[in-house]
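Down below is the structure, laid out as structure tokens.
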Amino acid sequence: MNSIQITPVEERTSGISEIPAVILPSLDSIYKSRAVRLRQLAVDHLMAEYLEFIAQVVESQQSLHEDSPLTDELIAMLGENVGTGRAPLSNDIFVTNRHWQHLLTQLIDKLYADASIAIRNTFDQLRDYDEDKLATIARSLLAGTFGEIDSGQSLFIWAALSVYFRQLASNLPAGGKASLGEERQLCPVCASTPVGSVIMIGAQSGLRYLQCGLCESQWHMVRIKCTNCEETGRIDYWSVAETKVAIKAESCGDCSTYLKVVYPEYDQDLDLVADDIASLTMDAEMEREGFARSGISPFLFPGNA
């Protein structure tokens, strides 16, 4: 069981030594700044065309976030699973709710006119799926079962799911409470895997927080510990340039996995999701070294082409 539990909101105790176990995403969206970062990274980049395309997807996510807020019914449901000992947003009822499918339809409508023929074909296929089919695909994605799902479809379904789960997490009437023990590999809010980790600046300066690849909640985990198996003896850090860089790969020789870690102190324009996509060459190098990625990138899905 995850050693960070989501609990009803409690009044915080005072003191500068307090370390928040969980930082829920704010109601304010980060999609605008993420799109700006993607376009900044696209300049003279080998993946410039793809980064520009993802920037369009992210801008569409911003519109979805603003134009289609959660229903009162969904907001009222959020407190029911808090304090149960499990991730409150992992309940299947949230996958079967139609709100995220409505977001997917809007996403397709916003992107269709400027999309290539291949992407339009993907959109047409998604439009032909009924609610049960889409819910089945969503469950497979959330369970990490990618092999039989078209990677192009996965990207757009996940983009809609991510807006949805971020909205859910932002409205969650809860806080986080850390207990003794480990088991912090998965998001305590929705039970998804992290996209990477951030070495914080500001109030939590120097602390390491994992960031969920789905709902974008962040949860605390001590540094120099594998985020997958939680061993500490064979941790290494890899970069493609000098030592003081804004993004590295943290590898573990015990479980042969890696996850990226970003350092905003070296670049305060960093966005973990955007910079993760732009550093795909690092993923290729880590695979050549024999390491497998332990988390998922929201816009680089494995699966059928």
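Look at the alpha carbon pairs under 8 Å that are at least 6 residues apart: their mean separation over the length of the chain gives a relative contact order of 24 percent.
Using C-alpha pairs below 8 Å separated by at least 6 residues, the relative contact order for the stretch 183-293 is 22 percent. Note on the stretch 87-203: Cα Rg divided by 2.2 N^0.38 Å, N the number of residues, gives 1.22. I need the trypsin sites (Lys or Arg not before Pro) found in the stretch 226-283, filtered to DSSP loop residues with at most 10 other beta carbons within 10 Å of theirs. Those satisfying the criteria are K244. More than 19 Å apart: what percent of Cα pairs in the stretch 183-293 qualify? So the portion of pairs separated by more than 19 Å is 41 percent.
Ellipticity at 222 nm from helices only: DSSP H runs of n ≥ 4 in the chain, each -39500 (n - 2.57), divided by the residue count, give -11500 deg cm²/dmol. Just checking the listed ones, I30, I117, I149: in the Gaussian network model of the chain with Cα springs under 10 Å, the one fluctuating most is I117. For R223, the residues whose amide H sits under 5 Å from its own are R208, ignoring neighbours fewer than 5 places away on the same chain, with H placed 1.01 Å from N. Helices that extend 24 Å or more along their long axis by alpha-carbon positions and average at least -1.0 on the Kyte-Doolittle scale are, among the DSSP H runs of the chain, 48-67, 151-170. Identify which of T193, T122, T71 has the largest mean-square fluctuation in a Gaussian network model of the chain, with springs joining Cα atoms closer than 10 Å. Comparing T193, T122, T71 in a Gaussian network model of the chain, the most mobile one is T71.
Were the residues from E131 through R86 laid out at 0.36 nm apart, the gain over their Cα-Cα distance would be 13.6 nm. Binning every alpha carbon pair distance of the stretch 4-170 at 5 Å from zero, what are the percents per bin? The distribution over the stretch 4-170 is 1, 7, 15, 17, 19, 16, 11, 7, 4, 2, 1, 0, given as percents. The fewest-to-most ranking of M221, M200 by surrounding Cβ atoms within 10 Å reads M200, M221. Expressed in Å, the radius of gyration and Dmax of the Cα atoms of the chain are 18.8, 57.
Taking the fewest neighbouring Cβ atoms within 10 Å as the starting point, the ordered list for L280, L259 is L280, L259. Ordered by the count of other Cβ atoms within 10 Å of each Cβ, fewest first, I93, I6, I157 give I93, I157, I6. With the largest listed first and rounded to whole Å, the semi-axes of the equivalent ellipsoid of the stretch 32-82 from the Cα gyration tensor are 34, 11, 8.
Read-outs: derived from the displayed coordinates by stated rules, not from any lab. This one's a predicted model, so the numbers in the text were calculated from it and none came from an experiment. Positions of Cβ are backbone-derived with ideal geometry, glycine not excepted, and every protein chain shown enters the neighbour counts.
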